[in-house]
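Comments concern the structure below.
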Amino acid sequence: MALAVKTSEVRNEMKALSPFLMARDNLVEVLKAKRFALLGFDPEETQALRNAIDFASARMHSIADDPRHPSLTTLAPFDACVLNLSSEVSKVAGGAVDLFAISRKPTVIIGERDEVLGHAFSLASATHEFIIRPWTREDFYLRAFMVLRNAPSTPIDQPGHGAAARAEPTIIVADDDRTTIMMVQSILRTWKINCRVAHNGKDAMELTREIKPDALLLDVSMPGMDGFQVLAALRADPATRATPIVMLTAAQSEDEIVRGFDLGADDYITKPFRAHEMLARLKRLVRNREAA
């Protein structure tokens, strides 16, 4: 009896941990193959960051704590920077603000509490995130995820910047779960895919008719019209009949999957999903549509 109780407790603990583990794994997926420039960290903290970045299958280059280091103005190869706010590097050219203006890179800023509070307003930006020491891997993954999520899809110093010049595919994400939406938005933005959001079935249907997306990622369970009703309505409309649609479901029920295909779904993804799986399925549909 005691063994059964213990087993039940372990099962409950694992069940409670699963959303956290899923979220962490998706954060790590977003960071995969990204390139980080580390600015001004001592060997011990550099190694801690290297361990975190290696675990995420990302890459890093450590820039020495030297204000004259030439790489400070040649950060173009990197997707993001990680800056030690306690370092002399952060005071190059009169302050960290100047460094950010030079680099124009999403930046994770690590510092002591007083340093962070002292710079919070002057360094406030959608592409900058702060971490207060002591930090954990999860702190770094979340903040790196946020700066990459908020980074412009086209660097502002490249020709053709602006909505009219972008030729990336556009995908609608229809889901009422904000965590799922945030994850999907970040994954798509990282891969230069424009993302529009609908929080219910009715909005998903109207938005699809309005913008004619390259694909629709459609959750089955939504308030009002569910995903199946939206799918049936879009397939019945000549204007949206050819829109590629991927069903997103928390259930792995064969009946539910078959129903989606019978109504005209092009593919399906079950939750919890992996970033690379979702990208592969969406990109296949977009390529097929472009080739048609």
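The values are calculated or read from the model by the stated rules, or taken from the named source; none is laboratory data. Keep in mind the model is a prediction, meaning the values are calculated, not measured. Virtual Cβ from ideal backbone geometry, glycine too; neighbours counted across all protein chains shown.
For the range 212-253, filtered to residues that are part of a helix (DSSP H, G or I) and free of Cβ contacts under 8 Å to residues at least 40 places away in the same chain, the residue that is surrounded by the most Cβ atoms within 10 Å (Cβ to Cβ) is Leu231. Per the conditions (1) under 25 Å from Val116 (Cα atoms); (2) assigned to a loop (DSSP other than H, G, I, E, B); (3) at pLDDT 65 or above, the sole criterion not satisfied by Ala76 is (1). I'd like to check something: does the range 194-216 contain any residue that is touching a Lys or Arg at 6+ places or on another chain (Cβ under 9 Å), more than 21 Å from Leu263 (Cβ to Cβ) and modelled with pLDDT under 90? There is at least one residue in the range 194-216 that is touching a Lys or Arg at 6+ places or on another chain (Cβ under 9 Å), more than 21 Å from Leu263 (Cβ to Cβ) and modelled with pLDDT under 90.
Tally time: how many residues in the range 192-207 are touching an Asp or Glu at 6+ places or on another chain (Cβ under 9 Å) and not in a strand (DSSP E or B)? Before you say what the answer is, go through the steps one by one.
First pass over the range 192-207, keeping only residues touching an Asp or Glu at 6+ places or on another chain (Cβ under 9 Å): 192-194, 197-201, 204-205.
Filter once more, so that each one left must be not in a strand (DSSP E or B): 192-193, 199-201, 204-205.
Residues flagged as touching an Asp or Glu at 6+ places or on another chain (Cβ under 9 Å) and not in a strand (DSSP E or B) within the range 192-207 amount to 7.
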